[in-house]
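Worksheet: the structure to be examined is printed underneath.
The values are calculated or read from the model by the stated rules, or taken from the named source; none is laboratory data. Note that the coordinates shown come from a computational prediction; the quantities given were computed from them, not determined experimentally. Quick reminder, even Gly has a Cβ in these numbers, built from the backbone with ideal geometry, and neighbours come from all protein chains shown. We work out accessible area using only protein heavy atoms, side chains counted, and drop any ligands, DNA or RNA first. Shrake-Rupley method; radii C 1.70, N 1.55, O 1.52, S 1.80 Å.
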Amino acid sequence: MKLCMIGTGYVGLVSGVCFSDLGNTVICVDNDENKIKDLNNGKIPIYEPGLEEVLKKNYKQKRLTFTSDIKSAVNKSDIIFICVGTPTKKGGNSANLKYVFNAANQIAKYINKHKIVVTKSTVPIGTGDILENIFKTKKKNKFVDVVSNPEFLREGEAIRDFIYPDRVVVGTNNFKINKTLKSLYLPIIKKTSRYVSTNRRGAELIKYASNAFLATKISFINELANLCEKASIDIKDISIGMGLDQRIGERFLRAGPAYGGSCFPKDTRALLDTTKKYNVKLSIVDSVVKSNEDRKKLLIKKTSNILNKKIYNKKITFLGVTFKPNTDDMREASSIPMIKFLSKKGAIIKYYDPTGFKNELSKFKNVFFSKSVNNACEKADLVIIHTEWNEFKLLNFKKLVNKKNINVFDLRNIYSPYKMKKKGINYHSIGRKLI
Ligand code: UGA
């Protein structure tokens, strides 16, 4: 099929690359000309394991092209995917839909024969209806069917998530259009996945409900971790014991810092905003958002307690600062509020992250990027393992820190509290204060 992806962010670029790998002809469009230039030179704007290889392969075979010329991309395609960002609106909780509307307006301007317009961007209930109205106002509605097809891929696992999804969700009431979308997804549905048909609003809500539910699971286990700490229970045992019940499931039950990233924080807030419009309560999601905010404060307090509230001039090391491993994304990473606080209190902070220097941290005083774990940890008063990159899983802290008193705060529960104690390391983790 002939496809066009509007927006070359995570969703647009990964889906475009994967669709081309399945044999479709894909045009990826972005109004950022520099990004398009880079992509045409084989430079990938995001850090995503495995993406470069698949992209280059399909680019060479001419199934995948990059352009800023939306007019020709729209004209040449049968299905147009809107994959632009829907960040939180400044000063509120609602999703900013200006990029989505802008894309729809552009499509409306250039469309001159029938196309399927699919929103892959995460958009609130009823956005598809608004898009339909945009096409109606421009008298182009006869050319367009607007469908919702949310994307569920994770950063760092994006290629695998796209090719082996748990489900593909398509929202439309049009039987023929549904059939076309189903045949597009057939190669991956056959392998492992379920194809879920619903109406457009249903598909829009499935995306928010899924992210809100996963955020709820994480917040639930994080709060239980607080209880485990007080009661001398290992939260990891609780996750395993609960997760083995298939009705609960073991995934997304890892206690850690506050959840971050470009999706959970933004989407839970946007879902709450939607409830206002419909005058209903989602008190659970409301609590999850609050719980996650509280968690950021709690981690700061715990860090301060480990240092007996004496932060000034203390050498603090962060291993990993991104919101999770296998990404360079700093959006809503819990390292940011922690580093902001510690820097304000006069700490000297070094951080090492496999994805390199972070602009987001450069505005804080006395915060330095180290090029290696060794350099970052040398003589540290406290080492904070913030992100669970594989390379942090077998560290010799005694050798690395090279000091009498070694303090480690492991936010991802990588190490064994018993083994660390045996080594004489003052080890703190999440939900595992053992007696
Ligand atoms: C999330 C969803 O998992 C995807 O399905 C969805 O498509 C995506 O948002 C989106 O809406 O675009 P992502 O933000 O890439 O994906 O990251 P996750 O792997 O879900 O992790 C989110 C946060 O939860 C991270 O901070 C991670 O450390 C945390 N987390 C995750 C935990 O603290 N514990 C867990 O057990 C799992």
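For segment 312-326, taking the residues that are buried (at least 24 other Cβ atoms within 10 Å of the Cβ) and under 19 Å from the mean Cα position of the chain (by Cα), the one that is nearest to PRO45 (Cα to Cα) is identified as THR322. Here is a list of conditions, (1) away from the ligand (no atom under 12 Å from the Cβ); (2) buried (at least 20 other Cβ atoms within 10 Å of the Cβ); (3) outside any helix (DSSP H, G or I), and PRO165 meets all of them except one; can you say which number that is? Of (1) away from the ligand (no atom under 12 Å from the Cβ); (2) buried (at least 20 other Cβ atoms within 10 Å of the Cβ); (3) outside any helix (DSSP H, G or I), only one is false for PRO165: (1). Consider ASP294 carefully, then state whether it is farther than 18 Å from VAL367 by Cβ, without any contact (Cβ under 8 Å) to a residue 12 or more places away in the chain and within 21 Å of the chain's Cα centre (by Cα). So ASP294 passes the test. Residues that are modelled with pLDDT of 95 or more and open to solvent by 20 Å² or more (accessible area, probe 1.4 Å) were ranked within segment 98-113; the one that is farthest from LYS290 (Cα to Cα) is TYR110.
Any residue that is β-branched (Val, Ile, Thr), open to solvent by less than 10 Å² (accessible area, probe 1.4 Å) and within 27 Å of TYR47 (Cβ to Cβ) - is there at least one of those in segment 355-368? The answer is no; no qualifying residue exists.
To keep it simple, each residue is scored yes or no on (1) under 21 Å from LEU184 (Cβ atoms); (2) at pLDDT below 95; (3) touching a Pro at 6+ places or on another chain (Cβ under 6 Å).
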| residue | (1), (2), (3) |
| --- | --- |
| LYS2 | yes, no, no |
| ILE27 | yes, no, no |
| LYS35 | no, no, yes |
| GLU52 | no, no, no |
| LEU55 | yes, no, no |
| LEU64 | yes, no, no |
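So that you can scan it fast, the table gives a plain yes or no per residue for (1) outside any helix (DSSP H, G or I); (2) touching a Phe, Trp or Tyr at 6+ places or on another chain (Cβ under 7 Å); (3) within 13 Å of the ligand (Cβ to nearest atom); (4) not hydrophobic (A, V, I, L, M, F, W, C):
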| position | (1), (2), (3), (4) |
| --- | --- |
| ASN173 | yes, no, no, yes |
| ILE177 | no, no, no, no |
| THR180 | no, no, no, yes |
| LYS191 | yes, yes, no, yes |
| SER197 | yes, no, no, yes |
| ALA203 | no, no, no, no |
| TYR208 | no, no, yes, yes |
| ALA215 | no, yes, yes, no |
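If the condition is being more than 8 Å from the ligand (Cβ to nearest atom), out of contact with any strand residue (DSSP E or B) (no Cβ under 9 Å at 6 or more places or on another chain) and among the small types (Gly, Ala, Ser), then segment 243-276 contributes GLY243, GLY249. Residues that are open to solvent by 60 Å² or more (accessible area, probe 1.4 Å) and within 20 Å of ILE284 (Cβ to Cβ) occur in segment 182-205; there is at least one.
Within segment 393-415, being surrounded by fewer than 16 Cβ atoms within 10 Å (Cβ to Cβ) and in a loop (DSSP other than H, G, I, E, B) holds for LYS393, LEU394, ASN396, ASN402, LYS403, LYS404, ASN405.
Here ARG295 meets the list (1) among the charged types (D, E, K, R); (2) surrounded by 20 or more Cβ atoms within 10 Å (Cβ to Cβ); (3) in contact with a strand residue (DSSP E or B) (Cβ under 8 Å, 6 or more places away or on another chain) almost entirely, failing just condition (3). Among the residues making up segment 327-350, a single one is open to solvent by less than 10 Å² (accessible area, probe 1.4 Å), within 11 Å of LYS365 (Cα to Cα) and part of a loop (DSSP other than H, G, I, E, B): ALA347. When GLY126, GLY92 are checked against the criterion of being at pLDDT below 95 and either over 26 Å from SER183 (Cβ atoms) or among the charged types (D, E, K, R) (or both), GLY92 stands alone in meeting it. Inspect all residues belonging to segment 236-255 and state whether any of them is over 29 Å from ASN93 (Cα atoms), surrounded by 21 or more Cβ atoms within 10 Å (Cβ to Cβ) and outside the structural domain of ASP381 (by TED's automatic domain parsing). Within segment 236-255 (the criterion being over 29 Å from ASN93 (Cα atoms), surrounded by 21 or more Cβ atoms within 10 Å (Cβ to Cβ) and outside the structural domain of ASP381 (by TED's automatic domain parsing)), the answer is yes, since at least one residue qualifies. Can you find a residue that is more than 25 Å from ASP267 (Cβ to Cβ), away from the ligand (no atom under 16 Å from the Cβ) and surrounded by fewer than 17 Cβ atoms within 10 Å (Cβ to Cβ) anywhere in segment 144-162? No, segment 144-162 has no match at all.
List the residue pairs whose Cβ atoms are under 6 Å apart, where the first residue sits in segment 205-221 and is closer than 15 Å to ALA255 by Cα, the second is open to solvent by less than 30 Å² (accessible area, probe 1.4 Å) and more than 10 Å from the ligand (Cβ to nearest atom), and the two are 6 or more positions apart or on different chains. Qualifying pairs under 6 Å: ALA215/THR268; ALA215/VAL288; THR216/VAL288; SER219/VAL288; SER219/SER291. Among the residues of segment 311-326, not a single one is part of a helix (DSSP H, G or I) and either more than 16 Å from the ligand (Cβ to nearest atom) or not assigned by TED's automatic domain parsing to the domain that holds ALA158 (or both). Taking ALA380 as the residue in question, decide whether it is in a helix (DSSP H, G or I), at pLDDT 95 or above and within 21 Å of LEU342 (Cβ to Cβ). Answer is no for this residue.
Restricting segment 18-49 to residues that are open to solvent by less than 30 Å² (accessible area, probe 1.4 Å) and within 16 Å of the ligand (Cβ to nearest atom) leaves a set whose member that is nearest to the chain's Cα centre (by Cα) is GLU48.
Scoring LYS379 on the criteria (1) out of contact with any Asp or Glu (no Cβ under 6 Å at 6 or more places or on another chain); (2) in contact (Cβ under 8 Å) with a residue 60 or more places away in the chain; (3) within 30 Å of PRO45 (Cβ to Cβ) leaves a single failure, condition (3).
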